[in-house]
Amino acid sequence: MKTNFKKVMLLPALVALFSMMFVGCNNTGEEGKEASSIEVSTETVTLEQAKNSSATVDVTANCDWIAQPDASWIQIPTKQGNGNASVKIIARNANDEIGSRTGNVTITSKDGNVSKTISVVQLGLGATVEVSATEVALENAPEDKDGVTVTSNVDWELSQVGDWFTVEQEKAGSRTQLSVVAKGYNETLEALAGKIVLTYVDGTETKTVEIAVSQAACVPSLVANPTSVVF
């Protein structure tokens, strides 16, 4: 029996070639499964300062996954899922600090091969300086006085426009009582106008609060001397 040597050698070579092509085109994971994939609609969410403020992130996946926060103030009702789903991120409590706080939510495939991290920011109270009144009106009399209460969670600096009044300060905790006192009479026929300016820093921004200050005008009068004339 005559054997064709070329055909015998060609057959194993073709088998090996087809095997390499099959392996090269196969992008699936182990046991023929597709590799795990997770995508999120956003990688950063911002929550308001208040308790229970929330945001929703859409998850696109082809696998089972687990969502895990790394901060105790972050709550996730849906902690695991399969395939596409939405994950709601909730602030358990209000952020009573001046600045914002940050945490993360990590979504990881159950096989541990892929994960996505979502940065979570909750806003803080911010710097606040509040006044009980934005206007002080003094009578036309020396030492006439009126007051304004300032409530703040940051330090502030006071300046004034007008040298005809003084400002006294008495601080107690987060509140400061301002007493505005007239130095003397207003001898003009127009009301005197000035202001108090409170300046503070909120993050990188410098802000001001103004309190208008006025003193009543002099009342015109006519005095006759002598007070009577006899003819």
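The values are calculated or read from the model by the stated rules, or taken from the named source; none is laboratory data. For clarity, every value in this text was computed on a predicted model and none was experimentally measured. For neighbour counting, all protein chains shown are included, and Cβ atoms are generated from backbone atoms with ideal geometry for every residue, glycine included. Side chains included, ligands, DNA and RNA excluded: accessible areas come from the protein's heavy atoms. Shrake-Rupley method; radii C 1.70, N 1.55, O 1.52, S 1.80 Å.
At what distance in nm do the modelled label points of ASP155 and THR78 sit from each other, each positioned 7 Å from its Cα along Cα→Cβ?
The answer from the label model is 4.8 nm.
So what does THR102 come to for accessible area, using a 1.4 Å probe and Å² rounded to 10?
100
With the Cα gyration tensor of the range 165-213 giving a ≥ b ≥ c as the square roots of its eigenvalues, does the rule (a/c under 1.5 for rounded; else a/b larger than b/c for prolate; else oblate) give rounded, prolate or oblate?
Here the range 165-213 falls in the oblate category.
Is the C-alpha gyration tensor of the range 64-110 telling us rounded, prolate or oblate? Criteria: a/c under 1.5 is rounded; beyond that, a/b larger than b/c is prolate, otherwise oblate.
Judged from the Cα gyration tensor, the range 64-110 comes out prolate (a/c at least 1.5, a/b above b/c).
Out of residues 5 or more away from ILE118 or on other chains, whose amide H comes under 5 Å of its own, with H placed 1.01 Å from N in the peptide plane?
Amide H neighbours of ILE118, under 5 Å, 5+ apart: VAL105, THR106, ILE107.
Which FRET efficiency value, to the nearest 0.05, do you get for SER174 and GLU43 by plugging their Cβ-Cβ distance into 1/(1 + (r/R0)^6) with R0 = 41 Å?
E between SER174 and GLU43, to the nearest 0.05, is 0.65.
How big is Rg to Rh over the range 70-189, alpha-carbon atoms, Rh as the Kirkwood inverse-mean-distance radius?
1.36
Any idea how far the Cα center of the range 72-122 sits from the one of the range 129-188, in Å?
Using only Cα atoms to place each centre, the spacing works out to 48 Å.
Leaving out ligands, DNA and RNA but keeping every protein chain, what accessible area does SER159 have, in Å² rounded to the nearest 10, with a 1.4 Å probe?
Approximately 60 Å² of SER159 is accessible to the 1.4 Å probe.
Using a simple spin-label model with points 7 Å from Cα along the Cα→Cβ vector, what separation in nm is obtained for THR128 and ASP163?
My value for the distance between the label points is 3.9 nm.
Cα gyration tensor of the range 104-156, axes a ≥ b ≥ c as square roots of the eigenvalues: rounded (a/c below 1.5), prolate (a/b > b/c) or oblate? Mind dumping the intermediate values first?
Working: a/c = 10.53, a/b = 7.79, b/c = 1.35.
It is prolate, given that a/c is not under 1.5 and a/b is the larger ratio.
Can you give the extra length, in nm with one decimal, that the chain gains between SER100 and THR208 once fully stretched, where that is 0.36 nm per residue apart less the Cα-Cα distance? Walk me through the numbers on the way to the answer.
Values: separation 108, 0.36 × 108 = 38.88 nm, distance 2.15 nm.
Between SER100 and THR208, full extension yields 36.7 nm more.
Go ahead and run the numbers for FRET between VAL121 and ILE66, Cβ-Cβ distance against an R0 of 35 Å, rounding to 0.05.
Approximately 0.95, to the nearest 0.05.
Any idea what the dipole of the range 23-179 comes to, in debye rounded to 20, about its Cα centre with Lys/Arg Cβ at +1 and Asp/Glu Cβ at -1? Before the final figure, lay out the partial values.
Details: 11 positive and 23 negative charges, 198 e Å.
That gives a dipole near 960 debye.
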